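The values are calculated or read from the model by the stated rules, or taken from the named source; none is laboratory data. Keep in mind it's a predicted model, so treat the numbers as computed, not measured. Virtual Cβ from ideal backbone geometry, glycine too; neighbours counted across all protein chains shown. Side chains are part of the model used for accessible areas, which takes the heavy atoms of the whole protein and leaves out ligands, DNA and RNA. Shrake-Rupley method; radii C 1.70, N 1.55, O 1.52, S 1.80 Å.
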Amino acid sequence: MSEKVLMKGNEALAEAAVIAGCRHYFAYPITPQNEIPAYMSRRMPEVGGTFLQAESELAAISMVLGAAAGGVRAMTSSSSPGISLKQEGISYIAGSELPCVLVNIMRGGPGLGAIAGAQGDYFQATRGGGNGDYRTIVLAPGSAQELADFTIEAFDLADEYRMPVMILADGYIGQMSEPVVLPKPSGKSFEKPWALTGAKGRKKNIICSMKLIPDTALEEHNLRLQEKYDLITEKVHRVDTYMTDDADWLVVAYGTSARIARKAVDRLRGEGIKAGLFRPLTLWPFPEKELFEVGSKVQKILTVEMSLGQMVEDVKLTMNGEVEVDFHGRAGGAVPALDDIIERINGYERENHTHVQAS
Amino acid sequence: MSVKTIPMYKRPESLSDVRTHYCAGCGHGIIHKLIAEVLDELELREKTIVIAPVGCSVLIYNYLEVDGLEAAHGRAPAVATGIKRARPEMLVISYQGDGDLLAIGTGETVHAANRGEDISVIFVNNAIYGMTGGQLAPTTLVGQKTLTSPAGRNSADVGFPIRACEMLDTLEAPAYIERTSVHNPGAIRKTKKAIFKALKYQKEGRGYSFVEILSMCPTNWGVQPPEAADWVKSDMVPWYPLKKFRDRPADEDADKEKAS
Amino acid sequence: MTEELIIAGFGGQGVLLTGKLLCVAAMRQGKQVSHIPSYGAEMRGGTANCSVVISDEEIASPVIEKPSIVIALNGPSVAKFEPRVRPGGLLIWNSSLVKNPPTRKDLVLVSLDATDLSLSEGTERAANMAAIGALLKLKPGIVSVDAVEAALDEVISARNRKHNPVNLRILHAGFEKTHKVDAA
Ligand SMILES: Cc1ncc(C[n+]2csc(CCOP(=O)(O)OP(=O)(O)O)c2C)c(N)n1
């Protein structure tokens, strides 16, 4: 068994990328993810890799595009305002069907906002973010260990489906130090006959997102991408459930919000109130089947976020009116308060009692 | 006695056997062919990756028989950086227009040059945005009329045309910087020599090379092709002098020769 | 056992390091730990702090609203965190620097002249070590003195390890000077 080490989430992620075989990392500094480029600037030369501090996020993501086209595992990381700039390249990478890993250690917005952790980029991450009809797989780790583990998986998913995979975590998750057992490489390998390695002994390879000829080329391309997205929607969901089997009240949350929600569940259970936690680990695809299964058995759902209501839309879409969906959110770097979550659910209990008595 | 036919002129192997989409009198086709000839001569076709910019030459990968990659508008030098770092054994060409290289992509241009990336940038300066129908470019001459400068470029309002070579010549890292033109056969021959040098230097791993090529856009300038070629000489060259700004590898080679 | 600690002080007082030391020591003793530094805006005004959770069980939330223990190495930290300590909690404060002592009656308030103890060893930068000593005396269940000693070698970079003997002496001074107290 490998030894536990106390690591900052950001550093655990960086080392996991190295373990996953990433040897090309390009980024532009921004808080609260600065530990990642700092770590990579030390680590990449040790493993014969490339660390390059780009002149901007626009450049960084284009460098990732270039490296990925060369057939190597490439990664970039940033935080909210930087990820906005990277949307340009992300859209091109999705259109060109190139694999890469993107990390967004989220901070508060809009605009420059502030550097404390937040979850306001859920829409941007799960709806495409850049121009055009595309998706990125979005993984939502909730601990330093998961930051490391999900990074290994992110590279495999990216190579398997030839698309960008985003790791979406709030600043607290990236900044937090926790014991981590560094993951092992997955051992999977992927053929990349499409990579640009020189037109020697084969026809030339062209990687592009522009599809002009014939007139139907782009729609055909869109439909093919959609087929891939449908396949992923079917195959790639990850969830974590806690005390949901007999739950009356279900909290849905991810990242730091889920950590707090879990504590609320423990407290409520201590008071004899049957609360449970549903934590999506993939945000796109959203684990609809799993949530519906758990959610349709409870009396009410409370979505908790560090935003003023983004994931809650997916929860409502999933439940489709079957069960009432409530929302509690904090924004601008504030985290949901334990007591507020507990109070909300206590309120449901009281309401319930009155109903039962009245009927 | 048998007679052998020796072809005096043929399509370079590196040039695809297809029709281009370029307008009559456009310089892009000439420049593509020059690149193809040089790739043949240096035997680099199988080791080359061309980065297509956003602009009229966005389809360059359809015209060269080499691996091709597309970049977002202005980002070609960053994409070139990424793939060169991933595949240092490959020859990487970033082919760009003036809007791409000097407006939306100024940052990428300056920083790839400043890092001395081992890539070759071929910069086609036609003093206008071709693909979008003839708007003001950062290289549009003072007084030149475009769709978005109907009264002619007013320097008091939008500044003066930027000279890319002179600007990059202030940086320490670039190895080779030259400005040429394709307005007549003599100029075209010189341009080919410059492209040859740039790609040869990259093949030898000698650092960043930049060739700016003054080129014609008769369609968007609203003139006939011959007039367009004349205008390059009469109006563009005085502002953009044809000149070798830097040739460090040649200087080094000369020094070595002297020493031995 | 679950303890939620906030350690606070000026930048340069080794606040983040204190948290890390406790975490590594507790982790090596088989406990669950988490550590979140304050960063950015929170750090302005010269105070730095970190939130540390040490527990026998899996840690649900690393975010601390109402700490069970606060170590306040300077005045602003007392002002900021005294109101947040949960009733019955422990507040260790640095009497060398704090001009307005804490006043809450529902807490265990323990003063320690941590900076003076550090200065008596010729440095003003190791007040945090004295405070750790006090903490270990008052809350032996969190982590052992031996484990902290071992963690020092693990956490301190090779370049600074030569100061460890001094650090340890200050830690022990804090430990000796602190007396066990009953709950508030
Ligand atoms: C982000 C973005 N903005 C604008 C455009 C539209 N656009 C396409 S080509 C072009 C200008 C190209 O001009 P230039 O680089 O001079 O090349 P030329 O077409 O003249 O060869 C513009 C503005 C785009 N494709 N992407």
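Observations
- Taking all protein chains together, C:Trp93, B:Trp231 sort by accessible area into B:Trp231, C:Trp93, largest first [probe 1.4 Å].
- R0 of 56 Å, Cβ-Cβ distance C:Lys162-B:Ala24: FRET efficiency to nearest 0.05: 0.10
- Counted residue by residue at 0.36 nm each, then reduced by the alpha carbon distance between them, the extension gain from A:Asn222 to A:Arg350 reaches 41.0 nm.
- Accessible surface, the stretch A:242-358, averaged per residue in Å² (probe 1.4 Å): 41 Å²
- Volume per residue of the C-alpha convex hull in the stretch A:245-359, rounded to whole Å³: 100 Å³
- Dimensions (Å) - the stretch A:78-134, Cα atoms, principal axes, largest first: 34, 18, 15
- Residues C:Asp153 and C:Lys180, FRET efficiency given R0 of 25 Å [Cβ-Cβ distance, rounded to 0.05]: 0.35
- Proximal lysines relative to A:Lys188, as straight alpha-carbon distance under 16 Å, when same-chain residues fewer than 8 apart are discounted: none
- With all pairs of separate Cα atoms included, chain B yields a Kirkwood hydrodynamic radius of 18.6 Å.
- The contact residues of the stretch A:91-107, meaning those that lose at least 10 Å² of 1.4 Å-probe accessible area when all protein chains sit together rather than their chain alone, are A:Tyr92.
- Nearest 10 degrees, 0 to 90: helix A:255-270 Cα axis against chain A principal axis: 20 degrees
- In chain C, the alpha-carbon atoms span a convex hull of 107 Å³ per residue.
- On Cα atoms only, tilt of A:57-69 relative to the major axis of chain A in degrees: 60 degrees
- Å² of accessible area per residue within the stretch C:2-177, as computed with a 1.4 Å probe and no ligands counted: 40 Å²
- The listed residues C:Glu124, A:Glu343, A:Glu11, B:Glu117, once ranked by accessible area (1.4 Å probe) with the largest placed first, stand as C:Glu124, A:Glu343, A:Glu11, B:Glu117.
- Computed over all pairs of different Cα atoms, the Kirkwood value for the hydrodynamic radius of chain A is 21.1 Å.
- Rolled with a 1.4 Å probe across the full set of protein chains, the surface gives C:Glu58 an accessible area near 120 Å².
- Two-decimal ratio, the stretch A:178-331, of alpha-carbon radius of gyration to 2.2 N^0.38 Å: 1.45
- Accessible surface ranking that places the most exposed of C:His179, B:His183, B:His21 first, with a 1.4 angstrom probe: C:His179, B:His21, B:His183
- With an a/c value of 1.5 or above and a/b larger than b/c for the gyration tensor axes a ≥ b ≥ c computed over the alpha-carbon atoms, the stretch A:193-283 is described as prolate.
- Average Cα contact separation per residue, chain B, under 8 Å, 6 or more apart, as relative contact order %: 18 percent
- Rolling a 1.4 Å probe over the protein heavy atoms leaves A:Trp249 with an accessible area of roughly 10 Å².
- Accessible area per residue for the stretch A:166-221, computed on protein heavy atoms with a 1.4 Å probe, is 52 Å².
- Fluctuation leader among A:Lys204, A:Lys184, A:Lys263 - chain A, Gaussian network, Cα springs under 10 angstrom: A:Lys204
- C:Lys139 accessible area, assembled protein chains, probe 1.4 Å, Å²: 60 Å²
- From the alpha carbon centroid of the stretch A:325-343 to that of the stretch B:1-79 is 59 Å.
- Expected-Rg normalisation [2.2 N^0.38 Å, Cα atoms] applied to the protein assembly as shown: 1.14
- Counting Cβ atoms of other protein chains within 10 Å of each residue's Cβ and taking the mean over peptide A:256-268 gives 3.
- Cα long-axis angle, helix A:9-19 against chain A (0 to 90 degrees, to the nearest 10): 40 degrees
- Lys-Lys pairs in the stretch B:65-203 that are eight or more residues apart or on separate chains and whose Cα atoms lie under 19 Å of each other come to 7.
- For the stretch B:73-107, residues shielded by at least 30 square angstrom of accessible area compared with the chain on its own, probe 1.4 Å: B:Arg75, B:Ala78, B:Val79, B:Gly82, B:Ile83, B:Arg85, B:Ala86, B:Arg87
- Helical segments meeting 18 Å axial Cα length and Kyte-Doolittle -0.5 threshold in chain B (DSSP H): B:28-41
- Approximate shape of the stretch A:100-243 as ellipsoid semi-axes (Cα gyration tensor, √5λ), whole Å, largest first: 32, 21, 15
- Buried between A and B is an accessible area of approximately 2700 Å², summed over both sides with a 1.4 Å probe.
- Helix runs (DSSP H) in chain C reaching 18 Å along axis by Cα, Kyte-Doolittle at least -1.0: C:15-28, C:164-177
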